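**Q** There's a structure below that I have some questions on.
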Amino acid sequence: MSFDALWADLDPLGRVPSGGYRRFAWTGADLTLREWFVGAAAARGLDLVVDRAGNQWAWWGSPDADGPGVVAGSHLDSVPDGGAFDGPLGVVSALCAVDALRSRGFVPSRPIGVVNFTDEEGARFGVACAGSRLLTGSLSAPRALGLRDNDGVSMAEALRSVGRGPVSADPEALRRVGVFVELHVEQGRGLVDLEAPVALGSAIWPHGRWRVELVGEANHAGTTRLADRHDPMLDYARLVLAARSAAERHGAVATCGKVLVEPNGVNAIPSRVTAWLDARAPSADAVRQLVADLPASIEESWTDETAFDLDLRNRLGTLLGGVPTLSTGAGHDAGILASKGIPTAMLFVRNPTGISHSPAEFAERDDCLAGVEALTAVLQDLAK
């Protein structure tokens, strides 16, 4: 099946009226996407395996008998009203690379796998790369199962509602992966400025998420004098502005993208505001200095810089004719696997809008095909 046909088959799944997607983990949309992956694997005669963390693997060859194997892929879930390319482009490209290798009569000496990591975005339960973190043991099963979405539904309850049992680490599945290559749409304008369709990833910036609790006093919006108010929304506004200023000072980026207000009434002064801060920079020191400039916060999660395997990157750079290299401020499953010592590389495909996590996210068809061609060459070289 061609890239166009695969993409057209996947494209409508989970689409919402905004033109974006809501493909949250363990929802009806997610189950439909998982069925799509099962069908794509079956159409190619690939052996489907679901690991104990819920990730899906489609194998050409046996990683147990002849592995560890060469794996490509990404994820199919999305952020709220996310774009079409973040994640799915990597899965579709990996399937197309398998098709291209077979059409050439290539017979791999190592198994080749295509993976769909579950819950990469963390849009429902708040922990990014949950599937790969669970797989590797970076996220413990008890903590994962206790995570709750905005409706108060725990991951354990969500799994039961779709007929799945508890999730856990799966070292056996991880041992099947000898090398991992993730193709991803670029989430910025680096390749636009470089006038190149494809790049190799060099590193993922260190990044963290913090939860901030701002406590005030609930009161009537119409009868409480301004001088008598203790309004935590004002503290939140100061936090947003302070985060922006600190990011500019320290060469970082900072976002206050999620907030919960209690009691959340239009005519009530809030009693509490819970806000989340996301901060990233090329260096860990820059992020820490940024956070130190802000009101007291509780660290939610932290990820150190992840540098991709240098030998592998040099090998692929030579293979692909000296394509540019880019670091990224976005987290990826590739970073989780790399942190566990698995040789890992990333390929980025140009995004002419430079926009991601939005319906405006885009990649030209010719650039997508250039990405497929590059990934095909990489898999052939690594599995020959």
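The values are calculated or read from the model by the stated rules, or taken from the named source; none is laboratory data. Please read these numbers as outputs of a predicted model, since none were measured by experiment. Every residue, glycine among them, receives a Cβ derived from its backbone with ideal geometry; neighbour counts consider all protein chains shown.
**Q** I'd like to verify a number: residues in segment 16-54 that are under 17 Å from Ser74 (Cβ atoms), acidic (Asp, Glu) and in a helix (DSSP H, G or I), how many?
**A** Total satisfying the criteria: 1.
**Q** For Asp381, which of the numbered conditions (1) part of a loop (DSSP other than H, G, I, E, B); (2) touching a Lys or Arg at 6+ places or on another chain (Cβ under 8 Å) fails to hold?
**A** Of (1) part of a loop (DSSP other than H, G, I, E, B); (2) touching a Lys or Arg at 6+ places or on another chain (Cβ under 8 Å), only one is false for Asp381: (1).
**Q** Out of all the residues in segment 253-302, which are polar (S, T, N, Q) and more than 22 Å from Arg133 (Cα to Cα)?
**A** Thr255, Asn264, Asn267, Ser271, Thr274, Ser283, Gln289, Ser297, listed by residue number.
Here's the yes/no breakdown for (1) modelled with pLDDT of 95 or more; (2) of a type outside the set (D, E, K, R); (3) surrounded by fewer than 16 Cβ atoms within 10 Å (Cβ to Cβ):
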{"residue": "Val253", "(1), (2), (3)": "yes, yes, no"}
{"residue": "Glu262", "(1), (2), (3)": "yes, no, yes"}
{"residue": "Ala281", "(1), (2), (3)": "yes, yes, no"}
{"residue": "Leu310", "(1), (2), (3)": "yes, yes, yes"}
{"residue": "Arg313", "(1), (2), (3)": "yes, no, no"}
{"residue": "Leu316", "(1), (2), (3)": "yes, yes, no"}
{"residue": "Gly322", "(1), (2), (3)": "no, yes, yes"}
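**Q** So Val266 ticks every box in (1) surrounded by fewer than 16 Cβ atoms within 10 Å (Cβ to Cβ); (2) modelled with pLDDT of 95 or more; (3) farther than 30 Å from Ala221 by Cβ; (4) of a type in the set (A, V, I, L, M, F, W, C) but one. Which box is left unticked?
**A** (3)
**Q** Asn219 - would you say it is in contact with a Pro (Cβ under 9 Å, 6 or more places away or on another chain) and either surrounded by fewer than 20 Cβ atoms within 10 Å (Cβ to Cβ) or among the hydroxyl-bearing types (Ser, Thr, Tyr) (or both)?
**A** Spelling it out, it is not the case that Asn219 is in contact with a Pro (Cβ under 9 Å, 6 or more places away or on another chain) and either surrounded by fewer than 20 Cβ atoms within 10 Å (Cβ to Cβ) or among the hydroxyl-bearing types (Ser, Thr, Tyr) (or both).
**Q** Hey, Ser132 hits all of (1) over 24 Å from Leu174 (Cα atoms); (2) among the hydroxyl-bearing types (Ser, Thr, Tyr); (3) touching a helix residue (DSSP H, G or I) at 6+ places or on another chain (Cβ under 6 Å) but one; which does it fall short on?
**A** Single failed check for Ser132: (1).
**Q** Of everything in segment 73-110, what is part of a loop (DSSP other than H, G, I, E, B), among the hydroxyl-bearing types (Ser, Thr, Tyr) and within 19 Å of Leu316 (Cβ to Cβ)? Give them in sequence order.
**A** Within segment 73-110, Ser109 is the sole residue that qualifies.
**Q** While we're here: Return the residues of segment 148-170 that are assigned to a loop (DSSP other than H, G, I, E, B) and either within 16 Å of Asp51 (Cβ to Cβ) or touching a Leu at 6+ places or on another chain (Cβ under 9 Å) (or both); say none if nothing qualifies.
**A** Asn150, Val162, Arg164, Gly165, Pro166, Val167, Ser168, Ala169, Asp170 - these are the residues of segment 148-170 that are assigned to a loop (DSSP other than H, G, I, E, B) and either within 16 Å of Asp51 (Cβ to Cβ) or touching a Leu at 6+ places or on another chain (Cβ under 9 Å) (or both).
**Q** Filtering segment 16-33 down to residues that are over 16 Å from Ser356 (Cα atoms) and of a type outside the set (A, V, I, L, M), which residue is nearest to the chain's Cα centre (by Cα)?
**A** The extreme case among them is Phe24.
**Q** Cβ contacts < 6 Å: first residue assigned to a helix (DSSP H, G or I), restricted to segment 119-134; second residue buried (at least 22 other Cβ atoms within 10 Å of the Cβ) and of a type in the set (Ser, Thr, Tyr), any location; separation 6+ or different chain. Result?
**A** Gly131/Thr118
**Q** Looking at Ala296, Ala242, Ala237, which one is at pLDDT below 95 and more than 25 Å from the chain's Cα centre (by Cα)?
**A** One residue alone meets the criteria, Ala296.
**Q** I've got another one for you. Would a scan of segment 83-99 turn up a residue that is touching a residue at least 12 places away in the same chain (Cβ under 8 Å), buried (at least 21 other Cβ atoms within 10 Å of the Cβ) and of a type in the set (Phe, Trp, Tyr)?
**A** Yes: one or more hits.
**Q** Find the residue count for segment 55-72, including only residues that are out of contact with any Gly (no Cβ under 6 Å at 6 or more places or on another chain) and not in a helix (DSSP H, G or I).
**A** 8
**Q** Moving on. Take residues that are in contact (Cβ under 8 Å) with a residue 24 or more places away in the chain and of a type in the set (D, E, K, R) and tell me which of the helices (runs of 4 or more DSSP H) falling wholly in segment 236-352 contain 3 or more.
**A** Helices (runs of 4 or more DSSP H) meeting the threshold: 310-319.
Rundown of residues vs (1) surrounded by fewer than 22 Cβ atoms within 10 Å (Cβ to Cβ); (2) farther than 29 Å from Val181 by Cβ; (3) touching a Lys or Arg at 6+ places or on another chain (Cβ under 9 Å); (4) modelled with pLDDT under 95, yes/no style:
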position	(1), (2), (3), (4)
Glu120	no, no, no, no
Arg124	no, no, no, no
Val127	yes, no, yes, yes
Leu135	no, no, yes, no
Ala144	no, no, yes, no
Glu157	yes, yes, yes, no
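**Q** Can you pull out every residue in segment 250-286 that is acidic (Asp, Glu) and closer than 20 Å to Ala123 by Cα?
**A** Asp278 - this is the single residue of segment 250-286 that is acidic (Asp, Glu) and closer than 20 Å to Ala123 by Cα.
**Q** Could you figure out which of (1) farther than 28 Å from Thr136 by Cβ; (2) in contact (Cβ under 8 Å) with a residue 60 or more places away in the chain; (3) assigned to a helix (DSSP H, G or I) isn't true of Ala227?
**A** (2)
**Q** Determine whether segment 276-284 contains at least one residue that is under 16 Å from Leu241 (Cβ atoms) and either in contact with a helix residue (DSSP H, G or I) (Cβ under 7 Å, 6 or more places away or on another chain) or not assigned by TED's automatic domain parsing to the domain that holds Gly222 (or both).
**A** Scanning segment 276-284, I find at least one residue that is under 16 Å from Leu241 (Cβ atoms) and either in contact with a helix residue (DSSP H, G or I) (Cβ under 7 Å, 6 or more places away or on another chain) or not assigned by TED's automatic domain parsing to the domain that holds Gly222 (or both), so the answer is yes.
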